[in-house]
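What follows is a short report on a single structure.
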Amino acid sequence: MVNRVEATPATLALLDRLKQKHGPLLFHQSGGCCDGSSPMCFPQGEFLVGDHDVLLGEIGGCPFYIHEKQYDYWKHTQLIIDVVDGRGGMFSVEGVEGKRFLSRSRVFTDEERAELQQS
């Protein structure tokens, strides 16, 4: 089964550490200003998911939402959430670790698109 969102091993390792500190987490990628096009990670309950947010799936047991306008741009790709050194969004919990999440992507194959349309 193909997933719309995946995570690198480095991302999963960081998520394990962050969940120990903050409890359950969620991701949101809005496409707005102030690092909004970067995936932001929040403690569950500290970010309200809206009616215009699409649940892409889960990474490391954390739900990953994207605003519907961003989804329209990215729906033909699989998002691969990675982590790099540096500072990203000021409200995202990984910032204090000296890390930031970022989205990489790859275009779905014809077979994967067909599978996604059936689900």
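Here are some notes:
- Gap separating the Cα centres of the range 103-119 and the range 58-97, nearest whole Å: 18
- Among beta bridges that DSSP assigns inside the chain, antiparallel share in %, nearest 5: 75
- Cross-link partners of LYS21 among lysines, defined as those whose alpha carbon lies under 20 angstrom from its own and excluding same-chain residues fewer than eight positions apart: LYS99.
- Full-extension gain in nm, LEU116 to LEU12, via 0.36 nm per residue minus C-alpha separation: 35.0 nm
- When you restrict to C-alpha pairs under 8 Å that are six or more residues apart and normalise by the size of the chain, the relative contact order lands at 30 percent.
- The angle between the Cα long axis of helix 9-22 and the main principal axis of the chain comes to about 50°, on a 0 to 90 degree scale.
None of the figures in this text is laboratory data; all of them are computed from the coordinates on show. Since we're looking at a predicted model, the values are computed, not measured.
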